[in-house]
Amino acid sequence: MGEEGTEGTVYLLCLAASSGVPLFCRSSRGGAPARQQLPFSVIGSLNGVHMFGQNLEVQLSSARTEDTTVVWKSFHDSITLIVLSSEEGTSELKLERLLQMVFGAMVLVVGLEELTNIRNVERLKKELRASYRLIDSFLGDSELIGDLTQCVDCVVPPEGSLLQEALSGFAEAAGTAFGSLVVSGRVVAATESWWRLGTPEAVLLPWLVGSLPPQAARDYPVYLPHGSPTVPHRLLTLTLLPGLELCLLCGPRPPLSQLDPQLLDRWWQPVLDPLRACVPLGPRALPAGFPLHMDILGLLLLHLELKRCLFTVEPSGDQEPSPEQRRRLLRSFYTLATATHFPPEPGSPEEKVEDVAQKTQVPRACYLVSGPEEPGAGWRLVALQSGPRRLLLLLSAQSPIHAMRGLATHTLHALTPLL
């Protein structure tokens, strides 16, 4: 299994399906945004072969060359997205989900009507520029994983009940049922209505907040790709502490000016210390002092019914590999395990009727040793499925293979009360 993102280049193309006119091209190299563009002749060829297949009623979804994977996907017979990746170990599952997130980001910013009924291509190009920052964050090496898992990245605050009570009270006082606390793109707490948001907006909204430059307050128009793709809502954000933002999703009211300092102080001043404890939780996800085995270098816990996840590579931070390598290893292992061993998440597009009938036959665990095969070398990765939860662990080379499943089972039991 190769590590995703090792000095490869990713190109993302967006075209109008009917005319083949390019709307934008974004790229990244080695996990960082790049300014590289594909020649128009290459763009035309990639779109042409896709259209040729459609004319023959053949659906071209992906192709591989010696060093590049290409995935095509059309949305509403209006927008065609194409992604090319030369990153080592890239999977089609990862690229397919990337395209789903990119289209969701486009709808979030400009609305579905503008994308399905293109009246003025040049105007649409200008409007789509507002989505570039969010789209580029999907192409780079992110500390989040919701783009791949399609679950909301979360953190576990030490005093979650106090924050939940303050958030619910503040949202009610502000006149909306949709509120959340977000730190570094991860949800700390949210109201029941916010948790009921559909996919992909439940993932996209906190990701959008984390991708924007810091501001004390924002009034940002957004469309909900699943819940309201043609009628915009307002996303109000208020910075409570550096890196920690309060988010409200609402209609025409309340105006941002109504959220005055007195209202903020009334609800948030009493919980200032719990709020401060949330700020460093971003990359760590788990409360300080949470007991984890010393061999654990990273973990991903998914709750497939709630569509939430915990993702961290902070344990044993002074050991090799680096945090970036750990994230790549866990992302690669997730795609491998999901595509090969475990069934698609409930309700996902990949789920088929025959797959549902065979769920009794799916494995409960799998493992992989990555790197040299000598004793005490190579990273260990193990995945364990138990009910709606799936746990993936990255373990040090010293962890004995025969003990991995027991360690994963013990860790899952310890984490279950948190998610």
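Restricting segment 240-253 to residues that are over 22 Å from the mean Cα position of the chain (by Cα) and either within 11 Å of Trp268 (Cβ to Cβ) or among the β-branched types (Val, Ile, Thr) (or both), which is surrounded by the fewest Cβ atoms within 10 Å (Cβ to Cβ)?
Result: Leu241.
Right, Leu108: open to solvent by less than 60 Å² (accessible area, probe 1.4 Å), under 23 Å from Leu205 (Cα atoms) and of a type outside the set (Ser, Thr, Tyr) or not?
On the way: open to solvent by less than 60 Å² (accessible area, probe 1.4 Å): yes; under 23 Å from Leu205 (Cα atoms): yes; of a type outside the set (Ser, Thr, Tyr): yes.
It is true that Leu108 is open to solvent by less than 60 Å² (accessible area, probe 1.4 Å), under 23 Å from Leu205 (Cα atoms) and of a type outside the set (Ser, Thr, Tyr).
Pick from segment 291-316 the residues that are without any contact (Cβ under 8 Å) to a residue 60 or more places away in the chain and open to solvent by less than 50 Å² (accessible area, probe 1.4 Å): which of them is nearest to Ser399 (Cα to Cα)?
Pro315
Using beta carbons and a limit of 6 Å, which pairs, at least six apart or on different chains, have the first residue in segment 241-261 and over 20 Å from Pro283 (Cα atoms) and the second one assigned to a loop (DSSP other than H, G, I, E, B) and open to solvent by less than 50 Å² (accessible area, probe 1.4 Å)?
Every condition considered, the pairs that remain are Leu248/Thr176; Cys250/Thr176.
For a quick check of your reading of the model, give me the residue pairs whose first member lies in segment 385-403 and is in contact (Cβ under 8 Å) with a residue 60 or more places away in the chain and of a type in the set (S, T, N, Q), whose second is outside any helix (DSSP H, G or I) and open to solvent by less than 30 Å² (accessible area, probe 1.4 Å), with beta-carbon atoms closer than 6 Å and at least 6 apart or on different chains.
Short answer, once both residue conditions are applied: Ser396/Asp295; Ser396/Leu297; Ser399/Asp295; Ser399/Arg380.
State all residues of segment 317-362 that are among the aliphatic types (A, V, I, L, M) and either under 17 Å from Pro388 (Cβ atoms) or modelled with pLDDT of 70 or more (or both); if no residue qualifies, say none. Steps first, please.
Taking segment 317-362 and keeping what is among the aliphatic types (A, V, I, L, M), we get 329-330, 336-337, 339, 353, 356-357, 362.
If the condition is that a residue be among the aliphatic types (A, V, I, L, M) and either under 17 Å from Pro388 (Cβ atoms) or modelled with pLDDT of 70 or more (or both), then Leu329, Leu330, Leu336, Ala337, Ala339, Val356, Val362 are the ones that fit.
For segment 370-393, which residues satisfy the criterion of being buried (at least 20 other Cβ atoms within 10 Å of the Cβ) and modelled with pLDDT under 90? Spell out the reasoning first.
We begin by selecting, within segment 370-393, every residue buried (at least 20 other Cβ atoms within 10 Å of the Cβ); these are 379-385, 390-393.
The one that is buried (at least 20 other Cβ atoms within 10 Å of the Cβ) and modelled with pLDDT under 90: Trp379.
Out of Leu15, Leu23, Leu84, report the one residue that is in contact with a Lys or Arg (Cβ under 7 Å, 6 or more places away or on another chain) and not assigned by the TED database to the domain that holds Arg327. So that I can check it myself, show each step before the final result.
Details: Leu15 fails: in contact with a Lys or Arg (Cβ under 7 Å, 6 or more places away or on another chain); Leu84 fails: in contact with a Lys or Arg (Cβ under 7 Å, 6 or more places away or on another chain).
Selected residue: Leu23, the only one of Leu15, Leu23, Leu84 that is in contact with a Lys or Arg (Cβ under 7 Å, 6 or more places away or on another chain) and not assigned by the TED database to the domain that holds Arg327.
Just a yes or no: is a residue in segment 116-135 part of a helix (DSSP H, G or I) and within 27 Å of Glu305 (Cα to Cα)?
Applying the first criterion (part of a helix (DSSP H, G or I)) to segment 116-135 yields 116, 121-135.
Add one more test, that the residue is within 27 Å of Glu305 (Cα to Cα), and what stays is 134-135.
Taking every residue of segment 116-135 in turn, at least one turns out to be part of a helix (DSSP H, G or I) and within 27 Å of Glu305 (Cα to Cα).
Considering each residue of segment 268-327, count those that are farther than 20 Å from Gly140 by Cβ, outside the structural domain of Ser184 (by the TED database) and small (Gly, Ala, Ser), and give that number.
Residues flagged as farther than 20 Å from Gly140 by Cβ, outside the structural domain of Ser184 (by the TED database) and small (Gly, Ala, Ser) within segment 268-327 amount to 4.
Do we find that Ala189 is of a type outside the set (Asp, Glu), open to solvent by less than 10 Å² (accessible area, probe 1.4 Å) and free of Cβ contacts under 8 Å to residues at least 40 places away in the same chain in this structure? Spell out how you get there, then give the answer.
Details: of a type outside the set (Asp, Glu): yes; open to solvent by less than 10 Å² (accessible area, probe 1.4 Å): yes; free of Cβ contacts under 8 Å to residues at least 40 places away in the same chain: yes.
So Ala189 fits the description; yes.
Only one of these conditions is not met by Thr65: (1) touching a Phe, Trp or Tyr at 6+ places or on another chain (Cβ under 6 Å); (2) open to solvent by 50 Å² or more (accessible area, probe 1.4 Å). Which number is it?
Single failed check for Thr65: (1).
May I ask you to list the residues in segment 98-115 that are part of a helix (DSSP H, G or I) and either farther than 16 Å from Cys151 by Cα or without any contact (Cβ under 8 Å) to a residue 12 or more places away in the chain (or both)? Break it down stepwise before answering.
Residues of segment 98-115 that are part of a helix (DSSP H, G or I), as a first pass: 98-110, 112-115.
Listed by number, the residues that qualify are Phe103, Met106, Val107, Leu108, Val109, Val110, Leu112, Glu113, Glu114, Leu115.
The values are calculated or read from the model by the stated rules, or taken from the named source; none is laboratory data. These figures come from a predicted structure and were not determined experimentally. Cβ sites come from the backbone with ideal geometry, for glycine too, and all protein chains shown count toward neighbours. Ligands, DNA and RNA are excluded from the accessible area calculation, which covers all protein heavy atoms including side chains. Shrake-Rupley method; radii C 1.70, N 1.55, O 1.52, S 1.80 Å.
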